[in-house]
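Please read the structure below before turning to the comments.
The values are calculated or read from the model by the stated rules, or taken from the named source; none is laboratory data. Bear in mind the structure is a predicted one, so any value in this text is a computation, not a measurement. Ideal geometry is used to build each Cβ from the backbone, glycine not excepted, and the neighbour counts take in all protein chains shown. SASA here: full protein model, heavy atoms, side chains in, ligands and nucleic acids out. Shrake-Rupley method; radii C 1.70, N 1.55, O 1.52, S 1.80 Å.
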Amino acid sequence: MTVAKNEIREFEVVKGTIPKSLKIKFKVFCVQKNLEMSEVLETLIRQWIQTDAPVSQLSDNLAQEELEELKGYVPKTLKSQFKSLCKQKRVTMRSVLYALIIQLLEMDDLRE
């Protein structure tokens with residue numbers, strides 16, 4: 001996506017807690033691909049909104065794992081869309097971020 005030089009994009013933080021092991025795998029994936037985590041999260045969120053893919057709520061089993069906060073900076077308008085779609089679907093943003101990262105890493109594993 002190209003942004004005009006005079007256009008100012010406002011960013012807001014999107015965050016959620018995910019298992020520490022998953023966050024580490026996601027970080028490694030981004031470093032190996034020479035990508036910023038925020039860019040990847042922005043792309044994943046946009047794709048999820050466009051495809052209107054279903055996501056289920058996280059199970060309470062995750063409480064057994066050590067959780068860590070994941071943060072990404074996305075355009076303000078995208079965060080608003082993301083937040084409102086999560087409310088409509090009655091899922092937490094955390095659940096969606098978790099599912100999107102899992103899918104991304106599984107797809108990457110299949111390519112190797």
Checklist line | Filtered residues of the stretch 8-21 (kept if over 11 Å from the mean Cα position of the chain (by Cα) and either over 22 Å from K79 (Cα atoms) or open to solvent by less than 10 Å² (accessible area, probe 1.4 Å) (or both)) | finding: P19, K20, S21
Next item on the list: Being of a type outside the set (A, V, I, L, M), within 14 Å of I45 (Cα to Cα) and more than 10 Å from the chain's Cα centre (by Cα) is the filter here, so list the residues in the stretch 84-112 that pass it.
Entry: S84, C86, T92, Q103
Check: How do the pairs read when you match residues in the stretch 34-55 that are in contact (Cβ under 8 Å) with a residue 60 or more places away in the chain with residues anywhere that are surrounded by 13 or more Cβ atoms within 10 Å (Cβ to Cβ) and assigned to a helix (DSSP H, G or I), using Cβ under 7 Å and keeping only pairs 6 or more apart or on different chains?
Finding: V40/C30; L44/L100; L44/L104
Checklist line | Yes/no for E65 being surrounded by fewer than 17 Cβ atoms within 10 Å (Cβ to Cβ), at pLDDT 90 or above and closer than 15 Å to T17 by Cβ | finding: no
Check: Which of the following residues is open to solvent by less than 30 Å² (accessible area, probe 1.4 Å), in contact (Cβ under 8 Å) with a residue 60 or more places away in the chain, under 22 Å from K33 (Cα atoms) and in contact with a strand residue (DSSP E or B) (Cβ under 6 Å, 6 or more places away or on another chain): L70, L97?
Finding: L97
Margin query: I'd like to check something: does the stretch 25-39 contain any residue that is basic (K, R), closer than 15 Å to F82 by Cα and either modelled with pLDDT of 90 or more or assigned to a helix (DSSP H, G or I) (or both)?
Written below: no
